[in-house]
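K.L.:
Got a structure for you, written out below as structure tokens; questions coming shortly.
Nothing in this text is a laboratory measurement; each read-out follows from the coordinates by a stated rule. What you are looking at is a predicted structure, and each value in this text was computed from that prediction instead of being measured. A quick note on method: Cβ atoms are made from the backbone with ideal geometry, for glycine too, and the neighbour counts reach across all protein chains shown.
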Amino acid sequence: MKLHQLSLFLENKPGQLTEPCRLLAHEGINIRTLALADTERFGILRMIVSDWQKAAAVLNQAGYIANATEVVAVEVADHPGGLAEILEVLENSGVNIEYMYAFTFGRNDRAVLIFRFDKPDEAITRLQAKGINVVESVEVYNRIEA
Amino acid sequence: MNGAWDGHASGFHPASAPDFVPAAQMRHLQLHRLRSIVERAYSKVALYRERLDARGVTPDDIHTLEDIVRLPFTVKADLRDTYPFGMFASPMQDVVRLHASSGTTGKPIVVAYTQEDLDVWSTSMVRTMASCGVGRGDVLQNAYGYGLFTGGLGAHYGAEALGATVIPISGGNTERQIMVLRDFQVTAICCTPSYFVHLLERALEMGLDLRGSSLRVGMFGAEPWTDSMRRHIESMSGIKAYDIYGLSEITGPGVGSECCCQQGLHIFEDYFYPEIINPETGEPVPEGEEGELVLTTLAKRAMPMLRYRTRDITAFIPEPCGCGRTVRRIRRISRRSDDMFIIRGVNVFPSQIESALLAAEGTLPHYQIILTREKGLDQVEVQVEVTPEVFSDKIGGLERLNNKLVHAIEQTLGIRVVVRLVAPHTIQRSEGKAKRVIDKRTL
């Protein structure tokens with residue numbers, strides 16, 4: 001139900017993104033989506049990759065700090081109000097969204113968003129109760145797509 | 001010194017006998033040696049003769065140990081100014097070894113040894129290692145650099161004289177160090193404390209927890225380190241970490257060492273006469289007060305040092321030591337007067353910043369202090385490497401960490417500095433002495 005996201009510490013200076021991407025490419029690991037959060041001085045690269053355990057090992061071996069975090073991928077209707085529907089489900093639930101970003105792929109009229117919840121299990125229960133599709137695995141999702 | 005000697009059990013070695021003689025006897029020996037070293041320095045080294053003459057002092061004026069204050073100080077610059085051989089008191093025919101500093105801050109300094117000097121040096125290293133509980137049967141990984149630096153060969157000859165098994169691995173090549181440490185069942189190691197922290201870290205990355213290894217003793221010196229760093233090393237590695245002290249100008253490692261009590265360092269004062277002075281006035285400080293350590297070599301033949309200013313800040317510990325040694329003890333040196341930098345009128349030592357980081361993070365991160373001057377104003381930036389333990393995938397988490405470090409340093413120093421979190425392995429690791437401060441100010 002939950003996906004593993006890798007978070008990488010980067011300094012905020014030119015060229016910092018290239019090396020980790022090259023390392024993953026070299027190992028044949030695909031980056032399914034990524035988001036960059038940054039401040040003036042440093043940034044956090046958040047990624048969903050095809051093989052997170054291997055990716056974490058490769059990055060750690062190269063001296064990066066790559067922590068795995070559990071996130072939730074939620075299917076959202078790709079029309080006005082699609083995201084609001086989901087947020088309404090979580091309103092007053094005590095579940096907090098730490099951050100979120102979009103997936104690079106979707107299906108027809110559906111988009112997929114990644115959420116980092118403070119209480120992921122409770123969020124999943126509430127979303128599913130309202131018939132909202134929580135994507136189980138990126139790979140499975142892609143296979144259906146194909 | 002027979003085959004059945006067991007250094008671990010007692011921490012005593014026959015060569016350690018002078019460490020236990022009554023103070024009165026020690027003073028008697030010191031005075032005798034002081035008179036003869038001043039005589040030697042005066043008659044053989046032009047610089048000493050000129051300085052004593054200028055003060056109207058002759059070797060015959062030394063009647064008591066207190067008379068030592070009549071002698072002029074010697075400083076590092078004297079060694080540079082007389083580069084390379086100007087301070088030698090022995091002809092080259094009698095000199096069997098030369099060592100030199102790296103010369104990173106200008107001309108190197110050269111130090112010389114006669115065979116007698118090497119014997120004294122080995123003996124003081126035997127006393128150092130015995131006092132750290134190392135003896136025959138121990139396997140010592142000597143990770144001090146071999147070469148012009150005195151650390152490698154000093155520890156090497158001492159360990160051989162002690163009867164320990166020496167692995168002369170020298171500094172660097174951390175992965176090989178870890179392999180040797182594990183495969184050769186190493187029980188004792190010597191290197192700089194910062195290098196050992198690096199080695200520990202690398203061993204963990206390679207999946208080796210030193211707490212389960214045969215290693216039980218570390219003898220660390222050649223740079224100032226703190227008690228909190230000792231606790232960190234001891235808890236991470238399960239060893240006993242001892243502070244040892246020395247400097248090339250005096251002999252190299254072996255000037256002083258901690259004992260099993262780990263409460264200050266005993267100075268092998270039958271060879272190295274210690275004084276503690278106020279660095280501003282040059283006057284001796286009252287017993288027990290902090291000041292700069294000044295050393296006079298009492299037995300050195302090739303290059304006697306009279307009242308050499310070490311720049312190391314310490315204090316005598318007047319209370320008797322639990323180990324039974326009677327030679328004087330100094331507090332461990334956590335700072336050097338020339339490490340100190342003044343920022344916005346505040347005296348700052350890198351060790352204070354280190355303690356603040358340790359307190360805030362619970363572990364010792366790699367850090368470096370960068371001093372710059374912008375529009376005439378001094379700026380301090382403390383770069384701290386992010387570790388897996390403190391990393392967060394949330395910006396807020398990292399900003400909180402950043403603020404916590406700023407706050408901890410402000411609490412300690414009383415001034416606000418900029419903290420910059422940097423990626424792991426971006427601060428250069430040293431295989432010798434750690435370079436903590438980069439001063440980019442052009443004054």
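K.L.:
Too long at a 26 Å Cα-Cα cut-off: which of B:K44/B:K107; B:K107/B:K435; A:K54/B:K240; B:K107/B:K240?
P.N.:
Check vs 26 Å cut-off fails for A:K54/B:K240; B:K107/B:K240.
K.L.:
Can you give the FRET efficiency for A:Q61 and B:Q185, using 1/(1 + (r/R0)^6), R0 = 22 Å, r = Cβ-Cβ distance, to the nearest 0.05?
P.N.:
Step by step, r from the Cβ atoms, then E = 0.20.
K.L.:
Hey, could you pull the Cα Rg and Dmax for segment B:171-289, both in Å?
P.N.:
Using the Cα atoms of segment B:171-289, the pair Rg, Dmax is 16.8, 53 Å.
K.L.:
How much length is gained if the chain between B:H63 and B:R420 is pulled fully straight, taking 0.36 nm per residue apart and subtracting their Cα-Cα distance, in nm to one decimal?
P.N.:
Using 0.36 nm per residue and subtracting the Cα-Cα distance, I get 122.8 nm.
K.L.:
Taking neighbour Cβ counts within 10 Å as the exposure measure, how do B:S392, B:S257 sort from fewest upward?
P.N.:
B:S392, B:S257
K.L.:
For B:A46, put the label point 7 Å out on the Cα→Cβ axis and report which residues of segment B:83-97 keep their amide N under 11 Å from it.
P.N.:
Counting backbone N atoms under 11 Å from the label point, the list is B:86-87.
K.L.:
Okay, moving on. Calculate log10 I(q)/I(0) of chain B for q = 0.07, 0.11 Å⁻¹, where I(q) comes from the Debye formula with a single equal point scatterer on each Cα and nothing for solvent.
P.N.:
Result of the Debye calculation: -0.36, -0.90.
K.L.:
Here's another thing I want to ask about it. Taking chain B as the reference, fit the longest principal axis to its C-alpha atoms, fit the long axis of helix B:395-413 to the helix C-alpha atoms, and give the angle between the two in degrees, 0 to 90, nearest 10.
P.N.:
It works out to around 30 degrees.
K.L.:
Just counting partner chain Cβ atoms within 10 Å, what average do the residues of peptide A:40-48 show around their Cβ?
P.N.:
Going residue by residue through A:40-48 and averaging, the value is 3.
K.L.:
Over chain A, one equal point on each Cα, no solvent: what is log10 I(q)/I(0) by the Debye formula at q = 0.12, 0.13, 0.18 Å⁻¹?
P.N.:
Here the Debye-derived log intensity ratios amount to -0.53, -0.62, -1.08.
K.L.:
Choose one answer from A:R41, A:R22, A:R32: the residue with the largest mean-square fluctuation in a GNM of chain A with alpha-carbon springs under 10 Å.
P.N.:
Top of the fluctuation ranking is A:R41.
K.L.:
Just how large is the dipole of the protein assembly as shown about the Cα centre, in debye to the nearest 20, putting +1 at every Lys and Arg Cβ and -1 at every Asp and Glu Cβ?
P.N.:
For this selection, approximately 940 debye.
K.L.:
With an 8 Å cut-off on Cα pairs and a minimum separation of 6 or more residues, tell me the relative contact order of chain A in percent.
P.N.:
26 percent
K.L.:
Moving to a separate point now. Measure nothing fancy, just the Cα-based angle from helix B:350-361's long axis to the longest principal axis of chain B, in degrees from 0 to 90, nearest 10.
P.N.:
Rounded to the nearest ten degrees, it is 30.
K.L.:
Once the piece of chain linking B:E374 and B:Y146 is laid out straight, how much longer is it, given 0.36 nm per residue of separation minus the C-alpha distance between them?
P.N.:
Result: 78.0 nm gained on full extension.
K.L.:
Let me ask something additional. Using 0.36 nm per residue of separation minus the Cα-Cα distance, give me the extension gain between B:S235 and B:L98 in nm, one decimal.
P.N.:
45.4 nm
K.L.:
Mind listing the long-range amide H neighbours of B:Q379? Cut-off is under 5 Å, sequence gap 5 or more, other chains count too, H placed in the peptide plane at 1.01 Å from N.
P.N.:
Those qualifying (amide H under 5 Å, at least 5 residues apart or on another chain) are B:T372, B:R373, B:E374.
K.L.:
Within segment A:17-41, name every residue whose backbone N is under 18 Å away from a label modeled 7 Å from Cα of A:T104 along the Cβ vector.
P.N.:
Within reach of a label on A:T104, which here means backbone N under 18 Å from a point 7 Å along Cα→Cβ, segment A:17-41 contributes A:17-37.
K.L.:
If I build a Gaussian network model for chain B, linking alpha-carbon pairs within less than 10 angstrom, which residue out of B:D53, B:D94, B:D78 has the largest mean-square fluctuation?
P.N.:
Ranking B:D53, B:D94, B:D78 by mean-square fluctuation puts B:D53 first.
K.L.:
Using 1/(1 + (r/R0)^6) with R0 = 25 angstrom and r between the beta carbons of A:Q53 and A:E85, what's the FRET efficiency to the nearest 0.05?
P.N.:
Computed FRET efficiency for A:Q53 and A:E85: 0.15.
K.L.:
OK, next. Angle check, please: helix A:52-61 long axis (alpha carbons) against the longest principal axis of chain A (alpha carbons), in degrees 0 to 90, nearest 10.
P.N.:
30 degrees
K.L.:
Looking only at B:E354, B:E116, B:E283, which one moves most when chain B is put into a Gaussian network model with springs between Cα atoms under 10 Å?
P.N.:
Of B:E354, B:E116, B:E283, the Gaussian network model singles out B:E283 as fluctuating most.
K.L.:
Next question. How many angstrom lie between the Cα centre of segment B:253-320 and the Cα centre of segment B:376-443?
P.N.:
After rounding, the separation between the Cα centres reads 33 Å.
K.L.:
Moving to a separate point now. Taking C-beta distances below 4.7 angstrom as the pairing criterion, name the unpartnered cysteines of chain B, in sequence order.
P.N.:
Singleton cysteines: B:C132, B:C190, B:C191, B:C260, B:C261, B:C321.
K.L.:
Grab the alpha carbons of the protein assembly as shown, take their convex hull, and tell me the volume per residue in Å³.
P.N.:
Residue-normalised Cα hull volume stands at 192 Å³.
K.L.:
Please give the charge dipole size of chain B, origin at the Cα centre, charges +1 on K and R Cβ atoms and -1 on D and E Cβ atoms. Round to the nearest 20 debye.
P.N.:
Here chain B has a charge dipole of around 520 debye.
K.L.:
Over what distance in Å are the Cα centres of segment A:23-88 and segment B:11-58 separated?
P.N.:
After rounding, the separation between the Cα centres reads 69 Å.
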